[in-house]
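The values are calculated or read from the model by the stated rules, or taken from the named source; none is laboratory data. All figures in this text were calculated on a predicted structure; none of them were measured in a lab. Note that we place each Cβ from the backbone using ideal geometry, even for glycine, and neighbour counts take in every protein chain shown. All accessible areas refer to the heavy atoms of the entire protein, side chains included, with ligands and DNA or RNA removed. Shrake-Rupley method; radii C 1.70, N 1.55, O 1.52, S 1.80 Å.
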Amino acid sequence: MTKPNEGWGSRIGLILAMAGNAVGLGNFLRFPIQAVENGGGAFIIPYLVCFLLMGVPLLLIEWTTGRFSGQFGDHTTPFLMQRLDPKRAFWKYLGVFGIFANVAVAAYYCYVESWTMAYVYHSAIGTFANMSQAEVAGFFTAYTDTHQTTTGIPYENIVFFVLCVLLNTWILSKGLAGGVEITAKIGMPLLIIFGVFLAIQGVTLTAGEKGAQFDGLVGLNFLWTPQFDSLTNPSVWLAAAGQIFFTLSVGMGTVICFASYIKRRRDVALNAMTAGWLNEFVEIVLGASILIPICVGYFGIDGVVELVESGGGFGLAFQALPYLFQQWGGVLAVVAGIAFFGLLFFAGVTSSLAMGTPWMGLLQYEFGWRRERAAWSFGALVLLLGLPTVLFYDKGVFGEYDYWAGTVCLFFFAMVESILFAWVFGMDRGWQEINDGAEIRLPTSYRFILKYITPALLLFVFIGNLFIPHGADWAGAFSQLLAGNGWQFDASSLVGTVGNTALKAQIEVASAAGDSAAVTQLEERLFYINGARLLLLATFLFITALVYLAYRKRLAALGERT
Amino acid sequence: MSLSGWIMMLTSTVSVTAITIYCVWRVLTAPEAPDDQS
């Protein structure tokens, strides 16, 4: 069987693709909201600490694992992990998380990407002109409802979703150098240009001009003024650690797969730092200067808090910003709309392309599929798995995918790869690999951090999410535990989520109130949520079976050779 | 904007921008690999 000949065209292309993988919707929509909800300027302290103690080490681990294992011809997460400890067969099955998370996240991520595509179109044709704020908010609800149309095209949200998946698939079919790298080289500079333009608009917003009630600086003040008491709250640290995962795309397996195409003895240390810090620049400098300053300028702080509580970052971006841009009038309104949703689109597409790499690596390198065929199979899988998130968006399917694939899997997989690298592969070999060909001198303290601090932090984050106490009141929960009253789980904890605690409590309340319509609606939601979980489990088992088959193929090939 | 807000914002944005520029500059000025492969 002839092995495919994939590879990166240039170093800049590789770094931009890695940075593009990291820079996503979370940089512009999730980071500012997390900062606002977790102590404003004080959030940045745990955030940067988590970046240095967890984000940077995980980047180094993933880049180095990829380059090390890639030289043996492995290009998909299970076998890339197995290579670090060839004697124990179970690593490859833990590596399945590094394919599954990508396929499942791509399924709902492409849907969000398709919203941005649709909103670029609507901004360009002036759909939002003369709409009231309520009408713009209603437009989003109508758009995500499959039975309604905002353009006259039937099943409009499905059409845009399919277009988005087709675009991703087509780019992936062109390969790393010819597709992913070119997209990153075009998308990343455009994203930064759009971001700088909007950040200037946000920061210079002046009360009384363009219909604004407050200066953009009021929003910045709201975002950056520290509340130091929040630093002692474990929930703030959990939120900061969670944001680092989302923003760097670590714990997914994409960085490992991208790095597996780097040649031996080529730098990974400086490349990893450059991609990681580029992402931080986009998040902290640009991401913080757009959404909150503009929204606070028009709605005030109370209005923004209300909007955040009802719809988070998506609520502000899709239900408020198109209306605010209209206040800027004429050409500027159209340009700002295209720039903002175009920026989100490029941020999304460079991330979703990376998600195709582990699946394609499995089919191309283990089953001998042609690149085009592997890419179209990824597209088909994303389409099949993504359609339930489109059709049953309001039934909680989207949220279920995001929670299990986009949150739990990432924490778990990061913990596994960190232990594998530092404790099984060994820190002596690991440190040597990191520094092999390095063009930057890393502080030797990172050796200690990689071995002890990062795995311990990951364990803390995982266990923390597993056992979040009722109302996230950690101090109160520990006093109750010491008093012998047990531990009361919060509905948002992993334990609470598995048991659908929140939904079951709502059903009980509705049932006690005799509201049969609400009970039926909630039970229907429970049905779809459990269905989504079963679908995700089936996908995981399907990928595990493929990895097992690939392993058998390898054994058979080895037998033929001997 | 409050003084603590200004300090927090300027410290964070300036340091992140400076490190990013340093990393990009190091990559751009690094000697080209023989076959221009990453």
Review point. Do the conditions hold for A:Ile292, that is, is it of a type in the set (Val, Ile, Thr), within 14 Å of chain B (Cβ to nearest Cβ), touching a residue at least 40 places away in the same chain (Cβ under 8 Å) and surrounded by 24 or more Cβ atoms within 10 Å (Cβ to Cβ)?
Key: yes
Exercise for review: May I ask you to verify whether A:Leu190 is of a type outside the set (Asp, Glu) and open to solvent by less than 50 Å² (accessible area, probe 1.4 Å)?
Suggested key: no
Check your understanding: Is it fair to say A:Tyr401 is within 26 Å of A:Leu466 (Cα to Cα) and either open to solvent by less than 30 Å² (accessible area, probe 1.4 Å) or modelled with pLDDT under 95 (or both)?
Key -> yes
Check your understanding: Say we look at region A:223-273 and pick out the residues that are at the interface with another protein chain (Cβ under 10 Å from one of its Cβ atoms) and among the basic types (Lys, Arg); which of these is most open to solvent (accessible area, probe 1.4 Å)?
Key -> A:Arg265
Revision key, fill the gap. A:Asp85 passes all but one of the listed conditions (1) charged (D, E, K, R); (2) away from every other protein chain (no Cβ under 14 Å); (3) assigned to a helix (DSSP H, G or I); the exception is number (3)
Study note, to complete from the structure: The residue from A:Ala380, A:Ala336, A:Ala375 that alone is part of a helix (DSSP H, G or I), of a type outside the set (S, T, N, Q) and in contact with a Phe, Trp or Tyr (Cβ under 7 Å, 6 or more places away or on another chain) is A:Ala336
Exercise for review: Return only the number of the condition from (1) under 21 Å from A:Ala317 (Cα atoms); (2) hydrophobic (A, V, I, L, M, F, W, C); (3) touching a Gly at 6+ places or on another chain (Cβ under 9 Å) that A:Ile193 does not satisfy.
Suggested key: (3)
Review point. Right, A:Phe90: away from chain B (no Cβ under 14 Å), farther than 23 Å from A:Leu223 by Cβ and at pLDDT 90 or above or not?
Key: yes
Point to revise | Flag for A:Trp8 being touching an Asp or Glu at 6+ places or on another chain (Cβ under 9 Å), of a type in the set (Phe, Trp, Tyr) and open to solvent by less than 10 Å² (accessible area, probe 1.4 Å) | key: yes
Review point. Here is a list of conditions, (1) over 29 Å from A:Trp431 (Cα atoms); (2) open to solvent by 20 Å² or more (accessible area, probe 1.4 Å), and A:Leu25 meets all of them except one; can you say which number that is?
Key: (2)
**Study point:** Test for A:Phe100: is it in a helix (DSSP H, G or I) and on the phi < 0 side of the Ramachandran plot
**Key:** yes
Review point. Is there a residue in region A:82-98 that is acidic (Asp, Glu) and open to solvent by less than 10 Å² (accessible area, probe 1.4 Å)?
Key: no
Review point. Got at least one residue in region A:44-58 being open to solvent by 10 Å² or more (accessible area, probe 1.4 Å), modelled with pLDDT of 95 or more and in a helix (DSSP H, G or I)?
Key: yes
Practice item. Please name all residue pairs, on different chains or six or more residues apart, with Cβ atoms under 8 Å, provided the first residue is in region A:520-531 and is more than 13 Å from A:Pro388 (Cα to Cα) and the second residue is among the polar types (S, T, N, Q). Key: A:Leu522/A:Gln506; A:Leu526/A:Asn500
Check your understanding: Only one of (1) open to solvent by less than 40 Å² (accessible area, probe 1.4 Å); (2) touching a Phe, Trp or Tyr at 6+ places or on another chain (Cβ under 7 Å) fails for A:Met131. Which number is that?
Key -> (1)
